[in-house]
Each structure stands twice: as structure tokens, then as C-alpha cells.
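Since the structure comes first, as C-alpha cells, the remarks are kept for the end.
The values are calculated or read from the model by the stated rules, or taken from the named source; none is laboratory data. Everything quoted here is computed from the prediction, not taken from an experiment. Here the Cβ is made from the backbone with ideal geometry for all residues, glycine too, and neighbour counts use every protein chain on show. Side chains are part of the model used for accessible areas, which takes the heavy atoms of the whole protein and leaves out ligands, DNA and RNA. Shrake-Rupley method; radii C 1.70, N 1.55, O 1.52, S 1.80 Å.
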Amino acid sequence: METRIKVILKEKGIKQKELANKVGISYQGLKDALSRNQFSISRLEDIASALGVEFYELFVDKNDILKQASEEEEKSDKFICPHCGRPLKVKIE
């Protein structure tokens, strides 16, 4: 699975060299791992910590998760009329 490490670095304005220093690996080692997209779980945990993000955010954008949850919440209060097929809005008080 592709990581979002480069995207997060850009969003936070952090250089790859800075991340390599924070994680305790060489710049070339980080650069190679990024190009191959090969990291151990423990290295990913170190990277998430150094970037100040949750582990899952290395793979999925938090905003995408929130948007999807919001869309699912909107769908949950809609039902389809079995006779005409139109959506019904149900309000629970």
C-alpha cells in the first residue's frame, strides 16, 4: 500500500533530511525507502511519531475519513419508498 509520507512532509513543510534525522536514519536510506515504498512497521511508527500524525494517517487522509463518515451519516437517515423508489427523509424527534 502506498504511503502518504511525501504528502505529509509537503503539508507540514518538513524536508526529507529533517525527517531522516528525527527518525535516526540516513537521508539516503529514507530516500531509498520512499522510492521503494518499503518500510517496517516499527519504522512507520517512528515516522508517524516524528511527523506528529496517527499511524493510519500515513496511509489515509484524515479529511477523507471524516468526509466519508459524514456522507454515511447523511445516508443513514434516508430511506427509499418501496412503491415509487424516491428517497424519504425521516426525522426522529
Fill in the blank from the handout: Order by accessible surface, 1.4 Å probe, largest leading, for residues Arg86, Arg43, Arg4 comes to Arg86, Arg43, Arg4
Completion exercise
Distance in nm between Ile14 and Asn37 label points, each 7 Å along Cα→Cβ, equals 2.1 nm
Exercise for the section: Between Ala50 and Leu66, with labels modelled 7 Å along Cα→Cβ, what's the label distance in nm to one decimal, could you check? Expected result: 2.7 nm
